[in-house]
Amino acid sequence: MLPIVTILQEATATALNKHFNQTILLSEVLVQETRKEFEGDYTIVIFSLNKYKLGNPAAIAELLGSLLLASCDFIVKYSVVQGFLNLSFHNNFWKKFIIEHQDADINGDFFNSKEGNNKKILVEFCSPNTNKPLHLGHLRNLMLGDSIIRMYRAAGYEAIPCCLYNDRGIAICKSMYAWTKRFNGITPEASPYNGKGDKLIGDCYVAFSRMLEEEIMELMNNQGISKEEAEKIAPSNLAINEMLVKWENNDPEIRALWATMNGWVYEANQKIYEKLNIPFDKYYYESDLYESGRDIAYEALTKGIFTRREDGAIGIDLTPEKLDFKVLVRSNGTTVYMTQDLGTADKKYEDFGAEKSVYVVGNEQEYHFKVLFLILKKLGRTYSDGLFHLSYGMVNLPTGKMKSREGTTVEAEDLIDEVTTTAYENTIELGKVEGMSEEDVQRLSKTLGLGALKYFLLKVDPTKNMLFDPKESVDLHGHTGPFIQYSYTRTASVKREATSRNSQPLKMEDKIEEVIADSEKALVKTLYKYPALLHEAIYSYNPSIIANYAYEVARDYNRFYHDCKILIADKPFLSAARLAISNITGQTLKKCLDLLGIEVPERM
RNA sequence: GACCUCGUAGCUCAGCUGGAUAGAGCAACUGCCUUCUAAGCAGUAGGUCACAGGUUCGAAUCCUGUCGGGGUCACCA
């Protein structure tokens, strides 16, 4: 089924082409929903055709109106207001939609498309370091990545979630060194960590910074040297550099410590992924990949794509692209971050052969990915056109920026626990626990708490920086996840009640006029838009489109619910129609939330 | 310094491929539960769409400039 906008564009172009013997492009025909203060369903903006010099807009609108009325059987009337042609659809059009979709299921054709044709798309997200716990920024990342995966699956792609662990390097050495110095013998099982090894490692990382600061202060005071000089000779800094060298030389002791401490973090993170219900199909580790781009670099050098600079460094001159010379192998023969990414890109393609590959990474790395993709293209990688950096904005706190070294972060796990607790308290307070076991209440609280958190982070345009207000994130009213979940439970409740009353489905012969009155129409029109919005959300890698649409559906439904009695004993056809609308709404809300990774309860 | 990005109600955000009187939520104030769940609905109030020019039938939306916030510009990751 073609989207209605396309149908109207085609009908308009066909009618006018014939009448004026001109070629009007579909894309030049502007079709939009009629504003609610005017009569009509869809509007054609005649001004948009000005460039074809067809004549006075009002006259063209009249003409087009009569042509469309004749050619499109679903149009029942039209009106012209200035240069706007407002088209009213026959109630049958909406009724047909309701009848055809009253049994639609979230796994069915209406809610999913096949446009992906089972093509593979790899989505890398989260990308944690192993030297500290996951924080709020990772949560935004995780939820975006998960939602992208879900949206692509709904569009018929084979979407593969993967996670790259930055498990080596100087940062991990900092935590390791601090642990040996200050925490030796303390394991995640010890108090106050209660099994949370990521927190222990995070504390080590912070401890290292303090230790180093103390040393630098002491050196500066005692030896009267500058801060830069003090940094160079501070024992802790010397020690971690030595550690890094030992690690690279496979020193058994260092490697063992490294493996143990990383293990703590993997375990802790895994628990969080499980809590969030965000699984990965594949994990990559920097420690396996960090030298993998070297061969590519040397090969590119022989092909003349890369060049050797006078100082011996190998890289690529991107000044023609108005970028700089990018070094990929240092003059001492070691590789850089970008080189590793070249190797990783090849490895991913080797593993999955995905035509599309998305990196969900913060916008501070835009330059990095711009250069990376450009180099891969110059290297002639066939997959390079399918690479996309989903660049998302930072999450700020009311108190300012998060800095892990200063301990001003919001840790992911704490936040998840907090929203769950708040949801629990609210559920109790509202007296919604009747007939529920303690276990039910716990499960509901988790569903609602996570719903609130995920929705809060996903409703904002991913490319924009956002402010995280802890109070607002656990709110259950208004433009929130729980509001949408609540709206779903209303549909579920109506459905249960209808089943017990044995309501019959809507049939074609049921009265049209009463079935789609004004009270129902706004909601039906909103429901009708789902496929177009899914397409738009996928096309723009933007789950917030789905989030905001779900809110629109929920709001329209609650208005409808308030204005219309759904289960009316004396008017079975009307009841059937409203029940059908309610059911479609329920599935739409469930599907939208599912695309956002949010579960729905049946009661709340 | 150069480049990128953002600036919409007290706060958080929609709207931005140019279209009709700029929309929500939160916060404030008013109403509405004997009814399919009030985690809801309806209403009041709140705006020079940062500012100044330009493009045109029409600009929150496009262009230029100014101001303000954020980011990037490594042989760091």
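Table for the structure above
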item	result
So A:S127, is it at positive phi and in contact (Cβ under 8 Å) with a residue 60 or more places away in the chain	yes
The listed residue being in contact with a helix residue (DSSP H, G or I) (Cβ under 7 Å, 6 or more places away or on another chain) and loosely packed, with under 14 Cβ neighbours inside 10 Å, out of A:T23, A:T12	A:T23
Segment A:285-301 residues that are within 15 Å of A:E248 (Cα to Cα), paired with ones that are part of a helix (DSSP H, G or I) and of a type outside the set (S, T, Y) (beta carbon under 7 Å, 6 or more apart)	A:E286/A:Q340; A:L289/A:Q340; A:L289/A:G343; A:L289/A:K347; A:Y290/A:Q340; A:S292/A:Q340; A:S292/A:G343; A:S292/A:K347
Subset tally (residues that are away from RNA strand B (no atom under 12 Å from the Cβ), at pLDDT 90 or above and hydroxyl-bearing (S, T, Y)) for segment A:7-41	2
Within segment A:26-47, considering residues that are open to solvent by 20 Å² or more (accessible area, probe 1.4 Å) and polar (S, T, N, Q), the one nearest to A:L69 (Cα to Cα)	A:Q32
Qualifying positions in segment A:87-136 - open to solvent by less than 10 Å² (accessible area, probe 1.4 Å) and among the hydroxyl-bearing types (S, T, Y)	A:T130
Failed item in (1) exposed (fewer than 15 other Cβ atoms within 10 Å of the Cβ); (2) at pLDDT below 95; (3) under 34 Å from the mean Cα position of the chain (by Cα), with A:R308 passing the rest	(3)
Residue in segment A:361-368 that is among the acidic types (D, E) and either touching a residue at least 12 places away in the same chain (Cβ under 8 Å) or near RNA strand B (Cβ under 9 Å from one of its atoms) (or both) present	yes
Filtered residue count, segment A:432-444, keeping only those that are within 8 Å of RNA strand B (Cβ to nearest atom) and open to solvent by less than 60 Å² (accessible area, probe 1.4 Å)	1
Tabulated pairs, segment A:317-344, first in contact (Cβ under 8 Å) with a residue 40 or more places away in the chain, second exposed (fewer than 15 other Cβ atoms within 10 Å of the Cβ) and in a strand (DSSP E or B), C-beta under 8 angstrom, 6+ apart or interchain	A:L318/A:F325
Answer from A:Y539, A:Y528 - the residue that is hydroxyl-bearing (S, T, Y), under 19 Å from A:A154 (Cβ atoms) and within 12 Å of RNA strand B (Cβ to nearest atom)	A:Y539
Selection from segment A:187-222 of residues that are of a type in the set (S, T, Y), within 25 Å of A:Q270 (Cβ to Cβ) and not in a loop (DSSP other than H, G, I, E, B)	A:Y205
Selection count, segment A:188-216, where residues are free of Cβ contacts under 8 Å to residues at least 12 places away in the same chain and either open to solvent by 70 Å² or more (accessible area, probe 1.4 Å) or of a type in the set (S, T, N, Q) (or both)	7
Qualifying residue in segment A:387-395 (condition: part of a loop (DSSP other than H, G, I, E, B), within 11 Å of RNA strand B (Cβ to nearest atom) and surrounded by fewer than 20 Cβ atoms within 10 Å (Cβ to Cβ))	yes
Output for segment A:502-552, where each listed residue is more than 24 Å from A:T480 (Cα to Cα), in a helix (DSSP H, G or I) and free of Cβ contacts under 8 Å to residues at least 40 places away in the same chain	A:D518, A:Y539
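The values are calculated or read from the model by the stated rules, or taken from the named source; none is laboratory data. Model, not experiment: these values are computed from the prediction. Glycine gets a Cβ as well: all are built from the backbone with ideal geometry, and neighbour counts include every protein chain shown. Please note that ligands, DNA and RNA were not included when accessible areas were found on the heavy atoms of the full protein model with its side chains. Shrake-Rupley method; radii C 1.70, N 1.55, O 1.52, S 1.80 Å.
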